[in-house]
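*Asks:* To start, I am sharing the structure in question, which I have written as C-alpha cells.
The values are calculated or read from the model by the stated rules, or taken from the named source; none is laboratory data. Here the structure is a predicted model, which is why all the values come from computation and not from measurement. Quick reminder, even Gly has a Cβ in these numbers, built from the backbone with ideal geometry, and neighbours come from all protein chains shown.
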Amino acid sequence: MHREIAKGIYYVGVDDHHTELFENLWRIPFGVSYNSYLIIDEKIAIVETVKGPWADEWLDNIREIVDPAKIDYIILNHMEPDHTSALPDIAKIAPNATLIYTPRASDMRKSFYDVDLKEHTVEDLEELSLGTKTLKFVHVPFVHWPETMATWVVEDRVLLSCDAFGAFGALNGKHFDDEANMELVERESRRYVSAIITSYFKFVQNALKKVKDLGLDIKIIAPSHGIIYRKNPMWVVNKYDEWSSPELEKNCTIVFGTMYGYTTRLAMKLKKELLELGVEVKVHNVSYSEMSRIITDTVRTGIIVIGSPTYDAFPFPKIWAYVNELQGKRFAPRPIGLFGTFGWGGGGVKKLQKTIEEMKCEVLEPVIRVRGRPSEEETELVKDLAKEIASRLQ
Ligand SMILES: Cc1cc2nc3c(=O)[nH]c(=O)nc-3n(C[C@H](O)[C@H](O)[C@H](O)COP(=O)(O)O)c2cc1C
Ligand SMILES: [Fe+2]
Ligand SMILES: [Fe+2]
C-alpha cells in the first residue's frame, strides 16, 4: 500500500503488528510503523528503508509506483536498524543507487552492512537537486543518534524528520493527523519520545531551535514512525517542545515495589496525605506499570518518591532497574523522596539513598524505613514527608 503525501512524494512504509517490545524493551500494544518516503522526480530518491523482516512488503509498496531498480538515491537519515535493516535487500535490486547520509553515518553504515553501493556524505544544510525538487539535509545530532539528519524537501515544504516527531502505533491506513485518533497519538507520541529519546532531550531542544531559526515554513511533517502532520504540523512541534522541556512539572510521582503489601501501605498513606494537601500525584507499582509509562510520568515530574522493600539486602529488583533508568536516561536532578520496609537487617533504602545522592539529587527528609508494619510514629513520618513535598512544589 502507498499513499501520495504531496505531489510526487509517496508514503511507502509498513505497519509492524508483530513486534511486542520496541528495542526489545518497550511495549507497543498498538504496533509501530516504519515510515519510508519515495520521491519521484527526474531522479528518484527513497528516504529511509524499513526493518528487515518487512523488506518484501516495502519493496512491493515501491513497485506500485516505480521499479525499485530505478532508484538513484537511498537517503538514510538515521542508521538505527529499524530504518536501515532492509538496506541489503534494496542494495541487491538497485546497484546503481548512491547512499546519502551524514559523514558520521558512514563508518556506522560500513560496520552494520556489507553492501556494495556508492556513498555521498552530506554536510549540514547541503542541497541535492532531484530535478524540479531540491533536498536540503539538516543535521540533527542525537535525535536519536549522533549521525542523524532530517531531509527538507524545499519546494514542497515537507520535512522528513526521522525519529523526531515520531510516535508508536501502527497507521492502519490512517496516515494523517486529520484521520487519526489524536488522543491516542498524543499518548503514544509522548511515550515514544520519553522512552526512546529521553537521554537526548537537550538535543531535541537544539534541533527544535535550529528548525525555528532556519525559518522553514513547514507544510507537512513526515516522521519515520507514526502519523504524518499536514493539518497542524506545529501541534507536534509544540508538543515535542513541551515534552522535552527541562522545566519540571508541579506534581509528584510515587514509584514503588512490593512483594506482600507492606510497602504498599506506606505508598497509599503517602498518596492520601499528598492528595489532602492538594498535591497532584501519580502512582506506579513497578511490577505492573510498564517501564515506558513510568518513565513518561516521571521524566518531568517535580518530585519522584521511590518506595521499596529490602530484597536480599538490596532494593526490590524492579525498583533497582527503575533507578538504573533514571541514571541511563540522564533524568534532570530534582528532589527525591524515599521510603521502604524490611524484615530484619534492611539495606534496600540505604542503597537507594547512596545511589540517588551519587546522582546529585537531593534526598528529601525524612527518609522512611519501617520494619514490617508502620508504628504510629512512623506513620507521622509519612505525613512529614508529604508536607515537605507539598512545600517544595509550591
Ligand atoms: C525474597 C525476599 C528477600 C528478602 N530479603 C530481605 C533482606 O535481605 N533484608 C531484610 O531486612 N528483609 C528482607 N526481606 C523482608 C522484606 O523486606 C520485608 O518483609 C518487607 O516488609 C516486605 O515488604 P513488602 O510487603 O512490600 O514486599 C525479604 C523478603 C523476601 C520475600
Ligand atoms: Fe532511532
Ligand atoms: Fe526509529
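*Asks:* Name the strands (runs of 3 or more DSSP E) wholly inside region 96-165 in which the number of residues that are more than 16 Å from ligand 2 (Cβ to nearest atom) is 3 or more.
*Replies:* 98-101, 118-121, 127-129, 134-139
*Asks:* For the condition at pLDDT 95 or above, more than 29 Å from residue 195 (Cβ to Cβ), small (Gly, Ala, Ser) and crowded, with 19+ Cβ neighbours inside 10 Å, what is the one hit in 167, 94, 69?
*Replies:* Result: 94 is the single residue among 167, 94, 69 that is at pLDDT 95 or above, more than 29 Å from residue 195 (Cβ to Cβ), small (Gly, Ala, Ser) and crowded, with 19+ Cβ neighbours inside 10 Å.
*Asks:* What strands (runs of 3 or more DSSP E) completely inside region 1-84 contain at least 2 residues that are under 23 Å from residue 140 (Cβ atoms)? Step through it out loud before you land on a result.
*Replies:* Values: elements: 3-6, 9-11, 14-16, 32-34, 37-40, 44-47, 73-75.
So the answer is 3-6, 9-11, 32-34, 37-40, 44-47, 73-75.
*Asks:* In region 159-202, how many are within 13 Å of the chain's Cα centre (by Cα) and on the phi > 0 side of the Ramachandran plot?
*Replies:* Residues meeting the conditions: 3.
*Asks:* Please state which one of 61, 77 is touching a Gly at 6+ places or on another chain (Cβ under 8 Å) and either closer than 18 Å to residue 225 by Cα or without any contact (Cβ under 8 Å) to a residue 24 or more places away in the chain (or both).
*Replies:* Details: 77 fails: touching a Gly at 6+ places or on another chain (Cβ under 8 Å).
Of 61, 77, the one residue that is touching a Gly at 6+ places or on another chain (Cβ under 8 Å) and either closer than 18 Å to residue 225 by Cα or without any contact (Cβ under 8 Å) to a residue 24 or more places away in the chain (or both) is 61.
*Asks:* Out of region 193-223, which residues are surrounded by 15 or more Cβ atoms within 10 Å (Cβ to Cβ) and under 24 Å from residue 6 (Cβ atoms)?
*Replies:* Of everything in region 193-223, those that are surrounded by 15 or more Cβ atoms within 10 Å (Cβ to Cβ) and under 24 Å from residue 6 (Cβ atoms) turn out to be 207, 208, 210, 211, 216, 218, 220, 221, 222, 223.
*Asks:* Since residue 246 meets every condition but one in (1) closer than 25 Å to residue 357 by Cβ; (2) at pLDDT below 95; (3) over 17 Å from the mean Cα position of the chain (by Cα), which condition does it not meet?
*Replies:* Among (1) closer than 25 Å to residue 357 by Cβ; (2) at pLDDT below 95; (3) over 17 Å from the mean Cα position of the chain (by Cα), the lone unmet condition for residue 246 is (3).
*Asks:* Select from region 171-210 the residues that are away from ligand 2 (no atom under 16 Å from the Cβ) and among the hydrophobic types (A, V, I, L, M, F, W, C) and write down the one among them that is modelled with the lowest pLDDT. Can you show your working first?
*Replies:* Looking only at region 171-210, we keep the residues that are away from ligand 2 (no atom under 16 Å from the Cβ), and these are 171-187, 190, 202, 205-206, 208-210.
Those left that are additionally among the hydrophobic types (A, V, I, L, M, F, W, C): 171, 176, 180, 182, 184-185, 208.
On the way: 171: 98, 176: 98, 180: 97, 182: 97, 184: 97, 185: 97, 208: 87.
Here the answer is 208.
*Asks:* Count, please, the residues in region 138-161 that happen to be without any contact (Cβ under 8 Å) to a residue 60 or more places away in the chain and either aromatic (Phe, Trp, Tyr) or closer than 21 Å to residue 194 by Cα (or both).
*Replies:* Residues in region 138-161 being without any contact (Cβ under 8 Å) to a residue 60 or more places away in the chain and either aromatic (Phe, Trp, Tyr) or closer than 21 Å to residue 194 by Cα (or both): 1 in total.
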